[in-house]
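Trainee: Pasting in a structure now, in structure tokens, and then I'll have a few things to ask.
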Amino acid sequence: MKITYIKIRNFKSIRDIEICDIENALILVGKNSTGKTSIIDALLLTAGKTQVEDYQYRDANTSIEVSLHIEFSTEDLEYFHKKGTLNKLRDYDAWYQEFCTKLPSFQDNVLSFTCIITPQKKVRYDDGFQKNNPYILEVFPKIYHIDQTRNLEALQNDVFNFYDKESFQKLKDNQCTFDATRTCNRCFQCIGLINKKTPEELTLFETARLLQYKLFHTNLNEFAKKVNEHFHANASPSQDIQYVMNYDIDSLLHIDTLVRNKVRGGSVGSINLLSEGLRSIYALSFLEAYIEEEDTLSCIIMIEDPEIYLHPQLQKVASEILYRLSKKNQVLFTTHSPNLIFNFSTKQIREIILDEEYYTIARQDTDIDVILDDLGYTANDLMNVSFVFIVEGKQDSNRLPLLLEKYYSEIYDDDGKLQRITIIPTNSCTNIKTYANLKYINKLYLKDQFLMIRDSDGKNPKYLKKQLCNYYSQRAKEDLGNLPKIEPKNVLILKYYSFENYFLEPSVMKKIGVIRSEEDFYNILYKKYKDYLFKLNSFKKLLRTKNFRIKNKQDIKDHIEDIKIYVRGHNLFDIFYGRYHGTAEQEILKKYIDAAPRETFQDIFDAIDSFVYFENRKK
């Protein structure tokens, strides 16, 4: 579910603005006071999250208008049907027909309408068929908004209420079921008696007690565990988040969020004790964990200036989280930091400026050079560099130097730092970060001294290489003189699904002690296949593409090369290397590279050796 079109009239500094072809991410950039936040405010107003104020009318005698196109996926519609949204019909086709009847502007999976707020502050939703369609708000995407104050309580309450709304609203009493003079101690001995009654026989009090019993057994600890996994990975491994349920009648089951500091003797304090920067990362981690929950509808996440309070390194972390969130949801944010945009494509960025009359408008053609210069991005990081690797993923940027050190000289200086080589991790070879670095490679006259390395993801490497070269060929035509020419030699599509799968040679794994025997490798892999690997989409694609079935361990042996080509590396790698972390992982992979024959990484070396810089440095 996502907004694909926005048109706003008569709102704050906006006379008339239109933004088309919006993707899963919309990043608004521009100088201060150009009206970026006004776009977010208009969307919040349309969603019913805020009330209009007098000062927000540009012309006090004219209505504010916000026109939107909202696209629904098949999964969104199936979710609405399951939840009985707009009607309770069980048959999907009958439900869908009634759904379309109530929303006549819903065409080709896109709902279009205009929210009109009159000067008298009356709000209606005109879909072109009715002046006010009351059903539009029922299907409006759920919005989670993080403003500059980083109001965590409001965000958490919004999520938790949506998480189990009925239970939170109905549970109000804290008296003992058997003795009204006693306070309930949550022994729940009354549940056996309550369960003997039919729903019609239950009193409101007994219904509330049953809901309390159900809610008490809601495992918030499991949700907290997921939040902590993201929070630790993203920023703060020394601190744990805890959720404590409060049964005070006055606070209606308020949930307190506490932080336990694992380093300082397990001390516990309020979430507000975190710095503003960590609270920002926590808020994004919280949304990551919630969105991973089953049976949640895709939503829209809006955040104002994610970079505020954050060190540049944490800005990059925040950008990566937002990128991950945008894969299944829509992300909309404003920013002044280049660190926030590098994981996204130019199509997802809109520059907001003021026209000659000082009204807010969106620049029609996004000039990424102007944006990068305006945000202060420079080529300093590429100074004194002779060769550049651009690799997909942080892990690959840590593993590639191990290969280089083994087979090439002059890789590290006396301080153990890479010498005249830089390795730039990126989420995509077509995002802004890659473009920006190619731009500065060109400016620094590195010419063709760079190699982009990307995973094959189970696809045809030749096709992916041609696709990437064609993409930058087209970009070069649009941006004459600013990009180096991307030849096939500048692109390496890995032979296997990802870099991890190069470390799955059983004979080498046995030598370095990762497994006891080669047979052990196949036994473990076959067991994991029966346990859960068969459920993976990448494994299903393998079996479908290669037209075979895995019935026993021998089938794993016979098709291990295909498995490494088609199955996600992370899922396979963690089976054998999941127990190694940080330095221990680096050390075991270094042992693997030392023990493995050079042919194990042949396609990687063939690409690297094609450059004179490395050909002259072979050991």
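Trainee: Name the residue farthest towards the positive end of the dipole of the chain from the options Ser67, Leu572, Phe499, assuming +1 on Cβ of Lys and Arg, -1 on Cβ of Asp and Glu, about the Cα centre.
Mentor: Leu572
Trainee: GluC sites (Glu not before Pro) within the range 301-359: which are DSSP loop residues with at most 11 other Cβ atoms inside 10 Å?
Mentor: Glu356, Glu357
Trainee: In addition: With N set to the residue count of the range 1-68, report its C-alpha Rg divided by 2.2 N^0.38 Å to two decimal places.
Mentor: That works out to 1.09 for the range 1-68.
Trainee: Still on this structure, please answer the following. Cα-Cα over 29 Å: which of Lys557/Lys618; Lys459/Lys618; Lys394/Lys535; Lys36/Lys394; Lys417/Lys510; Lys36/Lys142?
Mentor: Table pairs above 29 Å Cα-Cα are Lys557/Lys618; Lys459/Lys618; Lys36/Lys394; Lys417/Lys510.
Trainee: Can you tell me the length gained on complete extension of the stretch Arg264 to Glu292, counting 0.36 nm per residue apart and subtracting the Cα distance?
Mentor: Contour length minus Cα-Cα distance gives 7.0 nm.
Trainee: Report, largest value first, the span of the C-alpha coordinates of the range 407-493 along each principal axis, in whole Å.
Mentor: The Cα atoms of the range 407-493 stretch 42, 34, 21 Å along their principal axes.
Trainee: Compute the length gained on full extension between Gln313 and Glu200: take 0.36 nm times their separation in residues and subtract their Cα-Cα distance, giving the result in nm to one decimal.
Mentor: The span from Gln313 to Glu200 would gain 34.8 nm if fully extended.
Trainee: Take the Cβ-Cβ distance between Ser507 and Asn482 as r, set R0 to 41 Å, and report the resulting FRET efficiency rounded to the nearest 0.05.
Mentor: Result of the calculation: an efficiency of 0.30.
Trainee: Please name whichever of Asn437, Ile411, Gly458 sits farthest to the positive end of the charge dipole of the range 378-489, dipole taken about the Cα centre and charges placed at Cβ: Lys and Arg +1, Asp and Glu -1.
Mentor: Positive-most Cα among the choices belongs to Gly458.
Trainee: Related question: Quick one: work out the % antiparallel among DSSP beta bridges in the chain, nearest 5.
Mentor: Looking only at bridges with both residues in the chain, the antiparallel portion is about 60 percent.
Trainee: Report the convex hull volume per residue for the range 506-595, counting only C-alpha atoms, in Å³.
Mentor: Each residue corresponds to 94 Å³ of Cα convex hull volume.
Trainee: Do any of Lys465/Lys564; Lys2/Lys528; Lys2/Lys262 go past 31 Å between their Cα atoms, and which?
Mentor: Too far apart for the 31 Å limit: Lys2/Lys528; Lys2/Lys262.
Trainee: If neighbour count is taken as other Cβ atoms inside 10 Å, put His145, His311, His559 in order from fewest to most.
Mentor: His311, His559, His145
Trainee: Still on this structure, I have one more. Quickly work out the Arg90-to-Lys447 label distance, labels modelled 7 Å from Cα along the C-beta direction, and quote it in nm with one decimal.
Mentor: The answer from the label model is 7.3 nm.
Trainee: Here's a follow-up. Quick one: which residues, 5+ away or cross-chain, put their amide H under 5 Å from the amide H of Tyr408? H built at 1.01 Å from N.
Mentor: Here Lys619 satisfy the definition.
Trainee: Turning to a different aspect of this structure: As an exercise, use a Förster radius of 35 Å and the Cβ-Cβ distance of Glu78 and Asn398 to find the FRET efficiency, rounded to the nearest 0.05.
Mentor: 0.30
Trainee: Might you report the magnitude of the Cβ-based charge dipole of the range 535-619 about its Cα centre, with Lys and Arg at +1 and Asp and Glu at -1, to the nearest 20 debye?
Mentor: 520
Trainee: Give the calculated FRET efficiency between Cys187 and Val612 to the nearest 0.05, with a Förster radius of 60 Å applied to their Cβ-Cβ distance.
Mentor: 0.15
Trainee: By how many nm would the segment from Gln602 to Tyr532 lengthen if fully extended, with 0.36 nm per residue of separation less the alpha-carbon distance?
Mentor: Contour length minus the Cα-Cα distance gives 22.1 nm.
Trainee: Quick one: if you stick a label point 7 Å off each Cα along the C-beta vector at Glu229 and Asp413, how many nm between them?
Mentor: 4.0
Trainee: Averaging sequence separations of C-alpha pairs under 8 Å and six or more residues apart, then dividing by the length of the range 389-496, give the relative contact order as a whole percent.
Mentor: The normalised contact order for the range 389-496 reaches 30 percent.
Trainee: Please report, in cubic angstrom per residue, the volume enclosed by the convex hull of the alpha-carbon atoms of the chain.
Mentor: 218
Trainee: To continue, here is another question. Counting only residues 5 or more places away or on other chains, whose amide H sits under 5 Å from the amide H of Phe11 once H atoms are built in the peptide plane?
Mentor: Excluding prolines and chain starts, which carry no amide H, the hits are Arg58.
Trainee: Let me ask you something else. Treating the angle as unsigned and between 0 and 90°, give the value, to the nearest 10°, between the Cα long axis of helix 461-478 and the longest Cα principal axis of the chain.
Mentor: Value to nearest ten degrees: 80.
Trainee: Within the chain, what's the longest stretch lacking chymotrypsin sites (Phe, Trp or Tyr not before Pro) that sit in DSSP loops with no more than 11 other Cβ atoms inside 10 Å?
Mentor: With chymotrypsin sites (Phe, Trp or Tyr not before Pro) excluded where exposed in loops, the chain gives 179-357 as its longest stretch.
Trainee: To continue, here is another question. Which distance in nm do the two modelled labels at Lys406 and Asn32 give, with both placed 7 Å along the Cα-to-Cβ direction?
Mentor: So the label points at Lys406 and Asn32 sit 5.2 nm apart.
Trainee: Divide the volume of the convex hull of the Cα atoms of the range 571-619 by its number of residues and quote the answer in cubic angstrom per residue.
Mentor: Measuring per residue, one finds 115 Å³ for the Cα hull of the range 571-619.
Trainee: What do you get for the angle between helix 583-595 and the principal long axis of the chain? Use alpha-carbon atoms, 0 to 90 degrees, nearest ten.
Mentor: 30
Coordinate-derived values only; no laboratory data. Every value quoted in this text rests on a predicted model; they were computed, and no experiment measured them. Cβ atoms come from the backbone with ideal geometry, glycine included; neighbour counts cover every protein chain shown.
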